[in-house]
1. Relative contact order for chain A: what percent, with Cα pairs under 8 Å and sequence separation of 6 or more?
2. So, with +1 on the Cβ of K and R and -1 on the Cβ of D and E, and no other charges, what is the size of the charge dipole of segment A:24-197 about its Cα centre, to the nearest 20 debye?
3. Taking chain A as a Gaussian network, where each spring joins two C-alpha atoms under 10 Å apart, which residue of A:179, A:107, A:59 fluctuates the most?
4. What ranking of A:108, A:100 emerges when the number of other C-beta atoms within 10 Å of each C-beta is taken as an exposure proxy, fewest first?
5. Once you order the gyration tensor axes a ≥ b ≥ c over the Cα atoms, which shape class does the protein assembly as shown get: rounded for a/c under 1.5, otherwise prolate or oblate by comparing a/b with b/c?
6. Which helices of chain A meet both criteria: a Cα extent of 18 Å or more along the helical axis and a mean Kyte-Doolittle score no lower than 1.0, with helices taken as whole DSSP H segments?
7. Report the residue, chosen from A:159, A:190, A:122, that carries the largest GNM mean-square fluctuation when chain A is represented by alpha-carbon nodes joined by springs under 10 Å.
8. On a full-extension model of 0.36 nm per residue, what is the gain between residue B:34 and residue B:80, subtracting their alpha-carbon distance, rounded to one decimal in nm?
Amino acid sequence: MISNTANLPVSPVPVATGRVPGNKGIWVGICCEFVEFLVLFIVYFVARAHFPDAFHSGAARLSQTAGIVITLLMVTSSFFIASSVISLRAGRRRQSIMWLIAGLVAALGYPLAKYLEIQWNLAHGIDGQSGIFFTVYYYLTFTHMVHAFWGILGILWVLTRHAFGIYTADEHSGLEALASYWHATDIIWLVIFPFFYVLG
Amino acid sequence: MDTTDRKPGTSLLPLVATWFVLICLTLISPQMGDWLDGQELTQCVVAGIIWVKGSLVARHFIEAEQAHPFIRNVLRFFIAFTPIAIVLTTFFGDTFVRFATL
């Protein structure tokens, strides 16, 4: 049967609306990142449920100061990079670059703090062989460190482009994409921090 | 909810306020174990703090409220997953262990 639908009234179907911060590609990457960490979080919960005593005593042996410092650095760099986006959107390009440089400096504090934390751990006899808690701790935090490292490389790339005047108040999707990735990596750390430094 | 007519913000003030709250929550959460009586209550409060911090970053830094519904929902799911898992494993830990045993 052939039907002519050309003259039928079009029903008002609600269309999903809203902007994509950055670009679609970065959100594919962020979704993959979320899935990867969800799997690792499930590993954490399974291990913690099976060995509650190891997780209780393990958290007490870690340097809580290191966890707090890394969290403050992540949150602060996230804030600086968000400020960079807002400043450029308002037409303040020079200010935007300065915010981005501040974001890079704060972000670089993370691997430095992590290095010092590992030195502290090793000095206190904590390594990957120290038990189930520390195995999960090293695996999850190192994986996050790798993702932060991609983010730092991204900041350097975007900063270079920004310095050459590629981003404008109207078109700065590259800067927004970087910001979205860094904020997502920040959210992941905000989950990891209480896992190992707060919940005992 | 139509989000097309909402323009992304250009004011730094909400970002500063969000950053300040995130810093305060970060400094407060490690003290929870000392301030609160009972392991279960501590776990629930920490779960709540994780959710609040994640939601603040999504709302004010990523501007999730103006984002495409798919992005909004991905963020909502990811941010809610861990707090829900913490509460469930706190109250139904033994059941979870039985499910998660090979």
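Every number in this text was worked out from the coordinates using simple rules, so none of it is lab data. Predicted, not measured: the structure shown is a model, and the values here were computed from it. Neighbour counts are summed over all protein chains in view; Cβ atoms, including those assigned to glycine, are modelled from backbone coordinates with ideal geometry.
1. 37 percent
2. Here segment A:24-197 has a charge dipole of around 400 debye.
3. Judging by the Gaussian network model, the answer is A:59.
4. A:108, A:100
5. oblate
6. A:24-50, A:64-89, A:132-163
7. Checking each option, the largest mean-square fluctuation is seen for A:122.
8. Roughly 14.0 nm would be gained on extension.
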